[in-house]
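Below is one structure; the comments refer to it alone.
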Amino acid sequence: MNRVPMTPEGYQRLKDELDRLLKMERPKNIQDIAEARAHGDLSENAEYHAAKERQSFIEGRIQELQAKLAMADVIDPAKINQSRIAFGAKVKVVDIEADTEYEFVLVGPDEADVKSGKISISSPVGRALIGKEVGDVAVVKAPARTIEYEITEINFV
């Protein structure tokens, strides 16, 4: 079993979602099923079928979260050597060709959210940045073009 790196915040977010599903969503869904059952004929009961479908989703998500939490290797970025880019680093880079600045936070695959600037350490950009220092150039081979990012700043949140 491979451990999956995760920040303490990402671990807590998954744990909070699991707690909400177990303590709030699952009991409410059980109640919804019981109410729908009380309405009679289950074969034509849309509320019952919707509640059963929701139950399936909730149970699947609970299993998924439990597996992710079991596989998590929680890494505190504050305890990492901070002279090079590593897991948990907040990195400012400049696309040399486009002269555009970007800011990335390197996180585990389960925490990645490109819209908020969180990229996975296993993504092409993440792999290119790992181990680099300020002033280095990371080369990313993308389908459209090869991108060169110059590292301008490294912080650990």
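Each value in this text was obtained by applying a stated rule to the coordinates, not by laboratory testing. This one's a predicted model, so the numbers in the text were calculated from it and none came from an experiment. FYI the Cβ positions are ideal-geometry reconstructions off the backbone, even for glycines, and counts take in every protein chain you see.
Things worth noting here:
- Only beta bridges with both residues in segment 65-132 are counted; by DSSP, about 70 percent of them are antiparallel.
- In loop segments of segment 103-157 as defined by DSSP, the trypsin sites (Lys or Arg not before Pro) with at most 14 further C-beta atoms inside 10 Å of their C-beta are Arg145.
- Taking every DSSP helix (H) stretch of at least 4 residues in the chain, weighting each as -39,500 (n - 2.57) and dividing the sum by the residue count yields a mean residue ellipticity at 222 nm of -12000 deg cm²/dmol.
- Identified option (computed Rg and Dmax of the Cα atoms in Å; candidates (i) 15.9, 53; (ii) 21.8, 70; (iii) 14.7, 52): (ii)
- Residues in segment 13-32 that a label on Ala78 would reach, taking backbone N under 19 Å of a point 7 Å out along Cα→Cβ: 13
- Separation in nanometres of the label points that stand 7 Å from Cα toward Cβ, at Gln63 and Arg20: 2.2
- Segment 119-157: GluC sites (Glu not before Pro) in DSSP loop, at most 12 other beta carbons within 10 Å: Glu133
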